[in-house]
Amino acid sequence: MRQALVLIVFLIYCNCYSQKPSNHSYAVLFYNTENLFDCRDDSLKRDEEFLPDGDKRWTPNRMHKKLSGLSKTIIASNQWNPPALVGLCEVENEWILKQLVYNTSLSNLRYGYIHYESEDIRGIDVALLYRKEEFNVIASSPVLLSDSINNFYTRDALYVKGVINTDTLHIIVNHWPSKRGGASNSEYKRELVSNKVIAFIDSINNSYNAPKLIVMGDFNADFEAKSLKSLINEGHLSSKLTNKQLRSSKAAGSYKYQGQWDLIDHILITNDWLKSKEYNFEHKIIDLPFLLESDKTSSGFKPKRTYAGPRYIGGISDHLPVIITIEKKN
């Protein structure tokens, strides 16, 4: 009986969500999905551990549970107004995106998706979901961040231009190199990527007058990192979400490592837009209870991840999503 009641309430919510949103406000979400793989072997990628007989024992049941959890998170992230734009990273391919968009509760919200295959050796890419009733796509392309001359290969970024309300947005979705090998030893990789993204932003600024730019992603860098500082300063970007604001929060960051919260997932926007008196901005980390579990090693809470090493935990992601709500004043 209780499960039936929960299902009825959820369906009512989905019906409400499917209504056309406000013309004056919209939300932008970014979420690292923690290895959103299908269960099929791709001979061109190192995806062997995410197979039913692989190290992770990645089965269709586990995959569909994760897809359901991701859709639930997106729907619940902004109360009665699901995000118009959802940046994702660690997505294997177009097929898994279709499962998320068309075969979960997101199907009622008429999301489209934009995705390009990159040269990442594990096959994980970035993508953008968009509500077709709100966002009109004008153009999109991958942003190539690898450097074959120096034998440096990494994930592409994604550029999308489109219109929402009367605003033309330029969106760049990122997933910068990890801190594997140590944050200091790997920082040069993120600096290389940062410089390429800055050059791409410069090309946008040279082509458009005062563009409204959103640069979001898992940067594997906090506000003190040189790579992120360069992007913010040279890209003329700002964030309303800072480490200082999060100190008293239940989730004092988007990622927790060895008992310490860190804010490495960001949504950055252009300075002029943020300072505009025509708009209000609200920026926060999504710390819904079902995304968290008690941190038994350290204090407080931590994201309930899908895997801890080879051990299946059953959570949705090891990252928490970040969201910004943009309201245009009457």
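Computed values, structure above
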read-out: Stretch in the chain that is longest and holds no chymotrypsin sites (Phe, Trp or Tyr not before Pro) that DSSP places in a loop and that have at most 13 other beta carbons within 10 Å; value: 81-207
read-out: Kyte-Doolittle mean at least -0.5, axial Cα span of 20 Å or more - DSSP H helices of the chain; value: 2-17, 60-76, 183-207
read-out: Per residue, the convex hull volume that the Cα atoms of the chain enclose (Å³); value: 145 Å³
read-out: Cβ-derived FRET efficiency at R0 22 Å, K275 paired with N205, nearest 0.05; value: 0.85
read-out: Flagged links, alpha-carbon separation over 20 Å, of K250/K277; K132/K161; K66/K296; K179/K229; K250/K304; value: K250/K277; K66/K296
read-out: Helical contribution to [θ] at 222 nm, DSSP H n ≥ 4, -39,500 (n - 2.57), averaged over the chain, rounded to 500; value: -8000 deg cm²/dmol
read-out: Neighbour count of at most 14 Cβ within 10 Å plus DSSP loop: longest GluC sites (Glu not before Pro)-free window in the chain; value: 1-116
read-out: Filtered trypsin sites (Lys or Arg not before Pro), the stretch 247-288: DSSP coil and at most 14 other beta carbons within 10 Å; value: R247, K250, K277
read-out: Exposure proxy ranking, count of Cβ atoms within 10 Å, fewest first, for C89, C39; value: C39, C89
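Bear in mind these aren't lab numbers, they're just calculated from the coordinates by the rules spelled out. Quick caveat, the model's predicted, so the values are computed rather than measured. Note that each Cβ is placed from the backbone with ideal geometry, even for glycine, and that neighbours are counted across all protein chains shown.
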